[in-house]
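The values are calculated or read from the model by the stated rules, or taken from the named source; none is laboratory data. Computed from a prediction, not measured in an experiment: that's the story for all the values here. Heads up, the Cβs are rebuilt from the backbone with ideal geometry, glycines too, and the neighbour counts pull from every protein chain shown. Accessible surface is based on the protein model in full, side chains and every heavy atom, while ligands, DNA and RNA are left aside. Shrake-Rupley method; radii C 1.70, N 1.55, O 1.52, S 1.80 Å.
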Amino acid sequence: NSFGTDEQKAKYLGPMSRMEIRGAFALTEPDHGSDSIALETTAVRDGDDWVINGEKKWIGHGSVGHITVVYARMEDGKVGAF
């Protein structure tokens with residue numbers, strides 16, 4: 001679902017736009033930096049859930065973020081944000 005589910009959007013977008021909560025993002029990996037083409041972290045479906053497996057080196061706004069978006073390569077080879 002692009003940009004999250006309706007429930008996620010209702011819960012987070014308003015507070016984020018008012019800076020009541022802050023987002024963080026996890027893209028950078030030890031061997032590839034922030035090169036999303038070489039991304040090795042994987043996301044595999046397990047029923048209705050996703051299993052994320054990998055290693056991140058640096059999380060942008062990690063020390064102040066209330067929620068974190070993790071970038072991972074899905075089974076179809078595309079990069080998803082979780």
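Return the residues of the range 2-36 that are modelled with pLDDT under 90, at negative phi and either touching a Pro at 6+ places or on another chain (Cβ under 7 Å) or loosely packed, with under 11 Cβ neighbours inside 10 Å (or both); say none if nothing qualifies.
Result: S2, T5.
Can you report the number of residues in the range 55-82 which are over 11 Å from L27 (Cβ atoms) and not polar (S, T, N, Q)?
Number satisfying all stated conditions: 15.
Pull up the range 52-82, narrow it to residues that are of a type in the set (A, V, I, L, M, F, W, C) and in contact with a helix residue (DSSP H, G or I) (Cβ under 9 Å, 6 or more places away or on another chain), then point me to the one that is least open to solvent (accessible area, probe 1.4 Å).
Top of the filtered list is I67.
Quick check on the range 37-51: of everything there that is under 13 Å from L27 (Cα atoms) and open to solvent by 60 Å² or more (accessible area, probe 1.4 Å), which residue is modelled with the lowest pLDDT?
I37
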